[in-house]
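As structure tokens, the structure follows; a few thoughts come after it.
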Amino acid sequence: MSQIPISVTVDGLTYDDEVEPRTLLVHWLRESIGRVGTVVGCDTSSCGACTVLMDGQSVKSCSVLAVQANGHTVTTIQGLAEGEDNWHPVQAAFKECHGLQCGYCTPGMVLASIDLLQNNPDPSEQEIREGLEGNLCRCTGYHNIVKSVQYAANTMAGKDQPAELTGGAR
Amino acid sequence: MTDTLPDKLETLSPMGRPLRRKEDARLLHGQTNWTDNIQLPGTVYMAILRSPMAHARITHLDVTPALSEPHVVAAYSAKELGDLNGAVPCVWPVTDDMQAPAFPALAVDKVRHVGDCVAVVLATDRNAAYDALDAIEIDYDQLPAVIDLESALQPGATLVHDGADSPGTNECYTYHLPGTGIPYDEAKTKADVVVKRRFINQRLIPAFMEPRAVVASPMGVSNEMTVWSSTQIPHILRVLLALVTGLPENSLRIIAPDVGGGFGGKLQIYREEILAVQIARQLGRPVKWTETRSENMVATHHGRGQVQDIEIAATKNGKLLGMKVNLLADMGAYLQIITPGTPLLGMFMYPGIYKMDAYDFNCIGVFTNKTPTDAYRGAGRPESTYAMERIMDELAAELNMDPMELRKKNWINHEDFPYATIAGLVYDTGNYEAATDKAMEMFDYDSLRAEQQRRRASGDPVQLGIGISTFTEMCGLAPSRTLGALKYVAGGWEHCTIRMLPTGKVELITGTSPHGQGHETAWSQIAADILGVGVDDIEVIHSDTGRAPYGMDTYGSRSLAVGGQAIKKAAERLIEKARVIAAHQLECSVDDLEYVGGAFRVKGDAEKAQPLAAVAFEAFSAHNLPDGVEPTLQAESTVDPQDFSYPHGTHLAAVEVDTETGKTTLRTYVCVDDVGVQVNPMIVEGQVHGGLAQGIAQAMYEGVEYDEDGNLLTASLADYLVPSAADLPSFTTSTTETPSTTNPLGTKGVGEAGTIASTPAIINAIVDALRPMGVTDVQMPASPQRVWRTLQEAKGGNA
């Protein structure tokens, strides 16, 4: 199959590569450049596990061809805050509020939440639930994911956390 | 979880605190090791040709054209695989005369469900492997599909298994459990009321988020075949792969790296695991297979799938006399690891929390041309709890009693424990009154009933329904002798080894195999409490038979209830060994030492102390050990549980049902669970939330649908409705704490409780909303269309 050249900036590094036209962005991320923090959960664009930011907007990377990412900037879960000691406020909130269990939906859930908060910095519970409708989680029942997003919104706005979000002493 | 603790946290026990998880930094930064991430040099990718038909004879099959496709290394059907075409094992032959047909990894002559494996292609490029499947030549002669359970048992029905050794029926087995009391028919003669219902406990798909994957590499050291698999059961898988493939068990190393959920769906030895190992062995190079979601829907085992005929007998005052259960359980096309036993895990639990004089259980396993069933979160107990809690509401309606009053009249009172049930179990502890009182108060039951009356009186098109589920379940699988009595071939023990390294760091090696449950955090809390070291000084090693050789893995809400005991005992043994060394170092008797805050201290002499880490270094250098004491500081324990544990709780749901559209909205969900002593209440709460979501999903959203030809209609996440955040509310959860007496930590399981309890609470609520209109049942999932049709039928309309 013919190969098409692409140049994509992923998590701060620019990659020049050649891909088959049918290659999905998520497969290119995982298999060609080794950014395996982004995962595949389905084949019908239903689950959102593969969500990344492209030029700052969330996209399901199974629904973008690698060639469509040519010339664009992609941020994955691995590029949000380099190293385990650095935390994006949304990552920190998911830990604080126990917004993850197995962690498989988590990269997509975190990036979708970041996009949600960019568009709506102070969302209601219902707005969070509807905003994350495209991302499935099988472990948490979403209860603590909603709390995580509320917690992150407060952090990013410099507000104090209400008691119901802080979940007690560690 | 709102306690505030003093500043000096390090002096406090970590037990019972909502510590944030050690696992999360990695998972939140994408520093993960899913099986599909593993890329070994020389890997070939396996793609599988699956049957598009539910039941057909293969009349022509030739894989050789695939061999000339680009990048293809090999292709196999059953013929080419020959003796390497291993049989998928079932380890629970529930009766001596159970029909246990052969289940070859690649189908031989016949396919028996959509998704059955027919042939495989191996290529050096993943896409090329899938492309080459198109080159395989195959013709089928389609046969009638066996779909309906009752029809399957009729004389003359098409046989799913019709080989030479077939007994000529689709019946897999019949299992009868008489209760410990009087015969049911005798109890029934005293009854004023007998209520009979047929409930359909529909098939479900586990739908864990990480699809399965396996990498089998023959490139390990010392002839080692290393198998990475997205599994819940690396240890059991090792034994079974050895038995199936004939490879020596001591040359197999199984690693379950990061595993993205399981819910029973990864409690299995799958065809694809067997094929990967056998082909890796044949080709002498690593073989990798990753399931697509489309494959997952047809090839990962399903759960539930029962027709439940339930009969309950009572006096007019609401005293239960007896219960009779007749099940048809859908095995699917083949028996997998515990397919036949799964319905029997519910057999002891139909009587639930209630006292009665008679119980009779009968189950017929039935083969169909559908994906095999097996364990799915709760495995048998959600089905039994659903039937019992649903029929209690029907009985209450029959008697014109409040459903909670009926339950109170019949449940086991807290002073009655330990209580020998009619099904033959002994419940050690419980306090149904306390959990119910708390839940009723949080829910504000009386106000909701008043609102319901107002809405009924005003003819509000949106009716309010209240649903109750007061449940218990058996978990912590399991006493090995009990498993043996049930003909399950393995035991139910668990292992832990703890070693303190010369630098004072601790390795805790567990036989449990977490896939989202937070064992690394919780196990550290248990050990840190006993060892007096920091939680962060403990590294929990798991899910790798090379590093954690002994274990029975994670399922059946067993990991804490069973594995926790082994952690406790191993930690205590380590301290006892250290005490002998410390006494030698401090030149005193072991009886003169107390162990406080991570150090041995001479009683009455605060200056004389030896930190555990110093003892560990001494045990390592071995320069000055007492006579007869072996170097190194480690201890181990393998614990067989004395009995199950019995979590219980009261779950209350309020739903609004729009009688004009059939749409149900879950307005409030309150539950109080008693899971005994909690190691980490944050993790407990998270387990309850996730369990609730899955149980509510069975009631409202999820259900496997086949057409009459056996085509799976719910074959993607676009068609099978795993709920999103927008489909669920927040939950109001709380706990009571009645310690279990069957384990020294006082813990019970929590992983399945929410799923077991919540399904009947939702359906009871929907039926309660619509009962004045003549509705007595709604089949699950209670979609708007189904609720609307049920309502029209009840009204006598023509829906």
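Derivation of every value follows stated rules applied to the coordinates shown; laboratory data play no part. Because the structure is a prediction, the values reported are computed rather than measured. Neighbour counts run over all protein chains shown; Cβ positions are idealised from the backbone, glycine included.
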Check: Once you sort the root eigenvalues of the Cα gyration tensor of chain B as a ≥ b ≥ c, which label holds: rounded (a/c under 1.5), prolate (a/b larger than b/c) or oblate (the other case)?
Finding: oblate
Next item on the list: For segment B:195-237, restrict the atom set to alpha-carbon positions and state the Rg and Dmax in Å.
Entry: 19.1, 65
Item checked: chain B, dipole about Cα centre (Lys/Arg Cβ +1, Asp/Glu Cβ -1), debye to the nearest 20 -> 420
Next item on the list: Determine, for A:77, A:114, the number of other Cβ atoms within 10 Å of each Cβ, and report the residues in order from fewest to most.
Entry: A:114, A:77
Next item on the list: Going by C-beta contacts inside 10 Å, put B:71, A:88, A:143 in order with the fewest on the left.
Entry: B:71, A:88, A:143
Next item on the list: For residue B:667, list long-range residues whose amide hydrogen, built 1.01 Å from N in the peptide plane, is under 5 Å from its own amide hydrogen.
Entry: B:654, B:655, B:656
Checklist line | Evaluated over segment B:564-621, the Cα radius of gyration and Dmax, each in Å | finding: 11.4, 35
Check: How about residue B:603: which lysines have a C-alpha closer than 29 Å to its C-alpha, ignoring those fewer than 8 places off in the same chain?
Finding: B:8, B:505, B:568, B:569, B:577
Notebook entry, point to check: Sequence-distant or interchain residues sharing an amide H contact under 5 Å with residue B:212, placed H: which?
Noted result: B:291
Note to self: Taking loop as defined by DSSP and a crowding limit of 15 other beta carbons within 10 Å, which trypsin sites (Lys or Arg not before Pro) in segment B:705-799 fit?
What the structure shows: B:795
Next item on the list: Quick one: dipole size for segment B:493-639, taken about the Cα centre, charges +1 on Lys/Arg Cβ and -1 on Asp/Glu Cβ, in debye to the nearest 20.
Entry: 240
Margin query: Connecting C-alpha atoms closer than 10 Å in a GNM of chain A, tell me which of A:50, A:105, A:42 has the biggest fluctuation.
Written below: A:42
Check: Relative contact order (percent) for chain B, with alpha-carbon contacts under 8 angstrom and 6 or more residues of separation?
Finding: 15
Margin query: How tilted is helix A:143-156 with respect to the longest principal axis of chain A? Cα atoms for both, answer in degrees (0 to 90, nearest 10).
Written below: 90
Margin query: Given Cβ point charges of +1 (Lys, Arg) and -1 (Asp, Glu) and nothing else, what value in debye, to the nearest 20, does the dipole of the protein assembly as shown about its Cα centre take?
Written below: 840
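Provide B:254, B:756, B:269 in ascending order of the number of other Cβ atoms located within 10 Å of each residue's Cβ, fewest first. All intermediate terms of the calculation are to be shown ahead of the outcome.
On the way: B:254 28, B:756 33, B:269 25.
If I rank by nearby Cβ atoms, fewest first, I get B:269, B:254, B:756.
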Notebook entry, point to check: Tell me, what ³J(HN,Hα) does each residue in segment B:503-509 have, in order and in whole Hz, if you take phi through Karplus 6.51 cos²θ - 1.76 cosθ + 1.60 with θ = phi - 60° and put x for Gly and Pro?
Noted result: 8, x, 7, 10, 9, 10, 9
Notebook entry, point to check: Is it possible to state the helix-based mean residue ellipticity at 222 nm for chain B, with each DSSP H run of 4+ residues giving -39500 (n - 2.57), the sum divided by total residues, to the nearest 500 deg cm²/dmol? What is it?
Noted result: -8000 deg cm²/dmol
Next item on the list: Of the DSSP beta bridges with both residues in segment B:469-602, give the percent that are antiparallel, rounding to the nearest 5.
Entry: 70
Note to self: If you take every residue apart from residue B:602 with its C-beta less than 13 Å away from the C-beta of residue B:602, what net charge results, scoring Lys and Arg +1 and Asp and Glu -1?
What the structure shows: -2
Next item on the list: Bin all alpha-carbon pair distances of the protein assembly as shown at 20 Å intervals from 0 and give each bin's fraction as a whole percent.
Entry: 13, 45, 35, 7, 0
Notebook entry, point to check: Between residue A:124 and residue B:730, what is the label-to-label distance in nm when each label sits 7 Å out along the Cα-to-Cβ direction?
Noted result: 1.3
Notebook entry, point to check: Cross-link partners among aspartates and glutamates for residue A:159, C-alpha distance below 18 Å, same-chain residues fewer than 8 apart left out?
Noted result: A:96, A:122, A:125
Next item on the list: Could you compute the FRET efficiency for residue B:632 and residue B:190, with r as their C-beta to C-beta distance and R0 at 60 Å, rounded to 0.05?
Entry: 0.35
Next item on the list: Report the label-to-label distance for residue B:67 and residue B:589 in nanometres (one decimal), using points 7 Å from each Cα along the Cα→Cβ vector.
Entry: 8.1
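I'd like the Kirkwood hydrodynamic radius of segment B:156-233, using the inverse of the mean 1/r over distinct C-alpha pairs, in Å.
19.9
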Notebook entry, point to check: Ordered by residue, what ³J(HN,Hα) values in Hz, to whole numbers, does segment B:481-487 give under the Karplus form 6.51 cos²θ - 1.76 cosθ + 1.60, where θ = phi - 60° and Gly and Pro are x?
Noted result: 5, 5, 4, x, 5, 8, 6
Checklist line | segment B:482-519-segment B:49-94 distance, computed between alpha-carbon centres (Å) | finding: 36
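Please report the antiparallel percentage of DSSP beta bridges with both residues in segment B:125-256, rounded to the nearest 5.
So the antiparallel bridges amount to about 50 percent of the total.
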Next item on the list: Report the local net charge at residue A:92: Lys and Arg +1, Asp and Glu -1, summed over other residues whose C-beta lies under 11 Å from its C-beta.
Entry: 0
Notebook entry, point to check: Hey, in the GNM for chain A with a 10 angstrom Cα cutoff, which one of A:144, A:120, A:86 fluctuates hardest?
Noted result: A:86
Next item on the list: Using Cα centres only, tell me the gap between segment A:1-55 and segment B:120-196 in whole Å.
Entry: 42
Check: What percent does the relative contact order of segment B:99-173 come to when contacts are Cα pairs within less than 8 Å and at least six residues apart?
Finding: 28
Check: Counting DSSP beta bridges with both partners in the protein assembly as shown, what percentage is antiparallel, nearest 5?
Finding: 80
Next item on the list: Counting other Cβ atoms within 10 Å, keep those with at most 10, restrict to DSSP loop, and tell me which trypsin sites (Lys or Arg not before Pro) in segment B:210-309 are left.
Entry: none
Item checked: Normalised contact order of segment B:298-424, rounded percent, pairs of Cα under 8 Å and 6 or more residues apart -> 32
Next item on the list: Name the residue farthest towards the positive end of the dipole of the protein assembly as shown from the options B:521, B:352, A:66, assuming +1 on Cβ of Lys and Arg, -1 on Cβ of Asp and Glu, about the Cα centre.
Entry: B:352
Check: How large is ³J(HN,Hα), in whole Hz, for each residue of segment B:646-653 in order, when computed from phi with the Karplus curve 6.51 cos²θ - 1.76 cosθ + 1.60 and θ = phi - 60°, using x for Gly and Pro?
Finding: 10, x, 8, x, 10, 10, 10, 10
Margin query: Using only the alpha-carbon atoms, what does segment B:666-760 span along each of its principal axes? Please give whole angstrom values in decreasing order.
Written below: 53, 30, 21
Note to self: Within 10 Å of each Cβ in B:724-737, how many Cβ atoms from other chains are there, averaged over the peptide?
What the structure shows: 5
Next item on the list: Pull up the cross-link candidates among the lysines for residue B:324, meaning alpha carbon to alpha carbon under 17 Å and not fewer than 8 places away within one chain.
Entry: B:188, B:190, B:196, B:355
Checklist line | R0 of 22 Å, Cβ-Cβ distance residue B:401-residue B:454: FRET efficiency to nearest 0.05 | finding: 0.55
Note to self: As an exercise, use a Förster radius of 25 Å and the Cβ-Cβ distance of residue A:2 and residue A:55 to find the FRET efficiency, rounded to the nearest 0.05.
What the structure shows: 0.40
Note to self: Distance between the C-alpha centers of segment B:723-799 and segment B:608-659? Whole Å please.
What the structure shows: 36
